[in-house]
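Working notes, beginning with the structure itself.
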Amino acid sequence: MNYATPISELEHPAPPPAAAKAETASFRSISKQYRLDAVTVDALNDVTCALPLGETTFVVGPSGSGKTTFLNILGLIDRPSAGRLVLLGEDVTDLTDSEAADFRSRHIGFIFQSFNLIPVLSLRENVELPLLRHMRSSRARRQRASHYLDAVGLADMMERRPGETSGGQRQRAAIARALVTEPDIVIADEPTANLDTGTSSEIVALLDRMKSTFNTSVVICTHNIDLIQPESALIQITDGRLVNGGPN
């Protein structure tokens, strides 16, 4: 991946150039079962699909369809019961918990529908938090956080606390926080669920611009089909099974 700003202070080396990777992610016959008391629930059933590199992919489906499980496996938060997962050209299925956490910190950013910002910290301090694992210099962290807050249009609000901003502004800050480690993949789980229609469209458009600006693959889970861009890839899941998957 070609980074937007130097990352010499990161502890880990930069990943191989994006051109060397054909796909962001490849799900290979992945299934996931959960045990609820005496009942086994099939959350995902034999899902095989590929997410394109450097593009936006929308994941859609009704409530309880398996979308969240799909994202959790993609983000290495959960493990498949069967099948293989390849991320950025690396089979990550059998990583230990520590190895998975390390991979996430270097390659994956997360955006949540409830923003998950810490109320007592400023927007800048919230965006700095993911850098504590990587960057030793507080000055470098401040500069990096300021750069990404500026990129999402919050240059004049960096020192405000989340409670002093609107829902759309808080989600912009959450996007900056997801991008600040310069990940290869950004996973957005219902990022517009708590926003009005106009602000929702602005957030999706912003994610699309950030994808192009920072050469990031973006995966957006949404219930709102009106937000889906016709040129984007679409993953549709129903009852744990893939109904549609691949570029439109």
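The table for this structure:
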{"quantity": "Inter-residue pairs, beta-carbon under 6 Å, first under 16 Å from Tyr148 (Cα atoms) and touching a residue at least 40 places away in the same chain (Cβ under 8 Å) and in the range 119-132, second open to solvent by 70 Å² or more (accessible area, probe 1.4 Å) and in a helix (DSSP H, G or I), 6+ apart", "calculated": "none"}
{"quantity": "Top-ranked residue of the range 133-143 - restricted to ones that are free of Cβ contacts under 8 Å to residues at least 24 places away in the same chain and polar (S, T, N, Q), ranked as surrounded by the most Cβ atoms within 10 Å (Cβ to Cβ)", "calculated": "Gln143"}
{"quantity": "Unmet requirement for Ser105, which otherwise passes all of (1) at pLDDT 95 or above; (2) assigned to a helix (DSSP H, G or I); (3) open to solvent by 10 Å² or more (accessible area, probe 1.4 Å); (4) under 18 Å from Ala178 (Cβ atoms)", "calculated": "(1)"}
{"quantity": "Qualifying residue in the range 37-50 (condition: surrounded by 14 or more Cβ atoms within 10 Å (Cβ to Cβ), over 26 Å from Arg209 (Cα atoms), touching a residue at least 12 places away in the same chain (Cβ under 8 Å) and among the β-branched types (Val, Ile, Thr))", "calculated": "yes"}
{"quantity": "Only one of Leu195, Leu179, Leu227, Leu154 that is aliphatic (A, V, I, L, M) and closer than 20 Å to Leu87 by Cβ", "calculated": "Leu179"}
{"quantity": "The range 196-245, residues that are touching a residue at least 60 places away in the same chain (Cβ under 8 Å) and among the β-branched types (Val, Ile, Thr)", "calculated": "Thr213, Thr216, Val218, Val219, Ile220, Thr222, Ile225, Ile228, Ile235, Ile237, Thr238, Val243"}
{"quantity": "Single match in Ala188, Ala205 (criterion: out of contact with any helix residue (DSSP H, G or I) (no Cβ under 7 Å at 6 or more places or on another chain) and not hydroxyl-bearing (Ser, Thr, Tyr))", "calculated": "Ala205"}
{"quantity": "Residues satisfying the stated conditions in the range 78-105, i.e. closer than 16 Å to Glu23 by Cβ and among the polar types (S, T, N, Q)", "calculated": "Thr93"}
{"quantity": "Within the range 65-102, tally of residues that are of a type in the set (A, V, I, L, M), in a helix (DSSP H, G or I) and farther than 12 Å from Ile187 by Cα", "calculated": "2"}
{"quantity": "Filter result for the condition that a residue is modelled with pLDDT under 95, open to solvent by less than 70 Å² (accessible area, probe 1.4 Å) and of a type outside the set (S, T, N, Q), over Ile73, Ile7, Ile30", "calculated": "Ile7"}
{"quantity": "Odd one out for Asn116 among (1) in contact (Cβ under 8 Å) with a residue 40 or more places away in the chain; (2) open to solvent by 40 Å² or more (accessible area, probe 1.4 Å); (3) more than 19 Å from the chain's Cα centre (by Cα)", "calculated": "(3)"}
{"quantity": "Residue within the range 118-131 that is of a type in the set (S, T, N, Q) and farther than 30 Å from Val41 by Cβ present", "calculated": "yes"}
{"quantity": "Selected residue [touching a helix residue (DSSP H, G or I) at 6+ places or on another chain (Cβ under 9 Å), open to solvent by 30 Å² or more (accessible area, probe 1.4 Å) and among the polar types (S, T, N, Q)] from Ser146, Ser122", "calculated": "Ser146"}
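The values are calculated or read from the model by the stated rules, or taken from the named source; none is laboratory data. For clarity, every value in this text was computed on a predicted model and none was experimentally measured. Using ideal geometry, Cβ is built from the backbone for each residue, glycine included, and neighbour counts are taken over all protein chains shown. Accessible surface is based on the protein model in full, side chains and every heavy atom, while ligands, DNA and RNA are left aside. Shrake-Rupley method; radii C 1.70, N 1.55, O 1.52, S 1.80 Å.
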